[in-house]
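A.B. asks: Mind having a look at this structure? Questions to follow.
The values are calculated or read from the model by the stated rules, or taken from the named source; none is laboratory data. Here the structure is a predicted model, which is why all the values come from computation and not from measurement. In this analysis, Cβ positions are derived from the backbone assuming ideal geometry, glycine residues included, and neighbour counts consider all displayed protein chains.
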Amino acid sequence: MHYKSITKEEWDKAIGRLLVTHDIFASVSDDLSQDYEFIISENIIRITYNKPKPVTSLKNFFLPVKENVTSERESERPRIIIGAPNCDIEGLALLDEIYLDKDFNDPFYRNRRENTLLIASDCKGIQEHCHCLTYGIRPFSETLTDLAIIIQDGNVILRIISGKGEDFIKGVSSAIDIPDQKILEAIEKEHSATESLLAEANKGLPDYKRTGVIVRNATKEIWEKYSSNCVSCGACAAICPTCTCFLLIDKPGFEKVKQLDACQYPGFERVAGGEDALRMLHNRFRNRYMCKYVWKPEKFKPVACTGCGRCIEACIGKINKNELFMELA
């Protein structure tokens, strides 16, 4: 990996200069939460680095909750997104395989991907429900993004991952090669420490492939038990980095509106004749896990769950999918 170093002060100045030509979004923390914000010069200093994780998943930047897919679009300014954790970056692998399919690609998704420079953030530490490592995803990015960032001893260390990232860093004149090998050794120690925390926190949780086996073989009783607190709000699917079901709604004037949908909503599979394969709550509940751990692995290479834990945190019914899997295992 090729690294560059820049002082935090010079990095903030570089971001300030880019505001003239780019829309910049970055992870920002306050006393209550951490989420992406539109960056202006006044809040550059508040950008949060290396702390997991924004409330909103990266998916929302590329698949809006609602958009008119027949209206003309104004050309958008190039944008930069700073602070995405690797669980979100890896989620894009599945979205790319679906929406950049060579025969049926989504032009709106493609344009957003091409128009965006992604700067991932290595995680230092974990949150309660983080379990990316269990599914083979490391808490730092080495692919799929353009750059990755980690703050070390007051300096911003940038890991260059893509050609787009290489071109970007050429425009940051104050970025230099790593002056001391010990800095890279310290970064590796940070990575190892976070992985150790993840491994310890998720002892006994089955890996992605094993989870698919136990979900497929689970009986009706387990789905009824864990779905008993589900209120069909769809928060788990809405906040998930990889759930992308949508409706295409016809509007007057031959307009079509694409709107994100969720398999937990009543009527998700209801057809014109009134039949509904997922009418029963426990069947809808089971459907989401079958989709993530059984059906999508049969069709796509990337994992359909990246272990971010947001679905657990967003659940109104306090349903913890990891507890479900531990019981099945």
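A.B. asks: Being at negative phi and under 16 Å from the mean Cα position of the chain (by Cα), is that true of even one residue in segment 65-78?
C.D. replies: Yes: segment 65-78 contains one or more residues that are at negative phi and under 16 Å from the mean Cα position of the chain (by Cα).
A.B. asks: Could you name every one of the helices (runs of 4 or more DSSP H) located completely within segment 242-328 that has at least 2 residues being of a type outside the set (F, W, Y), more than 19 Å from G91 (Cα to Cα) and modelled with pLDDT of 95 or more?
C.D. replies: Fully inside segment 242-328 and qualifying: 281-290, 321-328.
A.B. asks: While we're looking at this one, here's another question. Select from segment 63-94 the residues that are surrounded by 22 or more Cβ atoms within 10 Å (Cβ to Cβ) and in contact with an Asp or Glu (Cβ under 9 Å, 6 or more places away or on another chain) and list them in ascending order.
C.D. replies: P85, N86
A.B. asks: Do we have A193 as more than 25 Å from K292 (Cα to Cα), out of contact with any helix residue (DSSP H, G or I) (no Cβ under 7 Å at 6 or more places or on another chain) and not charged (D, E, K, R) here?
C.D. replies: Spelling it out, A193 is indeed more than 25 Å from K292 (Cα to Cα), out of contact with any helix residue (DSSP H, G or I) (no Cβ under 7 Å at 6 or more places or on another chain) and not charged (D, E, K, R).
A.B. asks: Another question, then. Among (1) more than 30 Å from R113 (Cβ to Cβ); (2) modelled with pLDDT under 95; (3) buried (at least 16 other Cβ atoms within 10 Å of the Cβ), which single condition is A201 missing?
C.D. replies: All conditions are met except number (2).
A.B. asks: Then there is this: Of the residues in segment 95-107, how many are in a helix (DSSP H, G or I) and surrounded by 17 or more Cβ atoms within 10 Å (Cβ to Cβ)?
C.D. replies: Residues flagged as in a helix (DSSP H, G or I) and surrounded by 17 or more Cβ atoms within 10 Å (Cβ to Cβ) within segment 95-107 amount to 4.
A.B. asks: Pull up segment 14-32, narrow it to residues that are modelled with pLDDT under 95 and touching a helix residue (DSSP H, G or I) at 6+ places or on another chain (Cβ under 9 Å), then point me to the one that is nearest to E114 (Cα to Cα).
C.D. replies: Residue satisfying both the conditions and the ranking: S29.
A.B. asks: Just wondering, is there one or more residues in segment 155-166 that are surrounded by fewer than 17 Cβ atoms within 10 Å (Cβ to Cβ), over 30 Å from N322 (Cβ atoms), of a type in the set (K, R) and more than 24 Å from the chain's Cα centre (by Cα)?
C.D. replies: No, segment 155-166 contains no residue that is surrounded by fewer than 17 Cβ atoms within 10 Å (Cβ to Cβ), over 30 Å from N322 (Cβ atoms), of a type in the set (K, R) and more than 24 Å from the chain's Cα centre (by Cα).
A.B. asks: On the basis of being without any contact (Cβ under 8 Å) to a residue 24 or more places away in the chain and touching a helix residue (DSSP H, G or I) at 6+ places or on another chain (Cβ under 7 Å), does L100 make the cut? Break it down stepwise before answering.
C.D. replies: On the way: without any contact (Cβ under 8 Å) to a residue 24 or more places away in the chain: yes; touching a helix residue (DSSP H, G or I) at 6+ places or on another chain (Cβ under 7 Å): yes.
For L100, the condition - without any contact (Cβ under 8 Å) to a residue 24 or more places away in the chain and touching a helix residue (DSSP H, G or I) at 6+ places or on another chain (Cβ under 7 Å) - is met.
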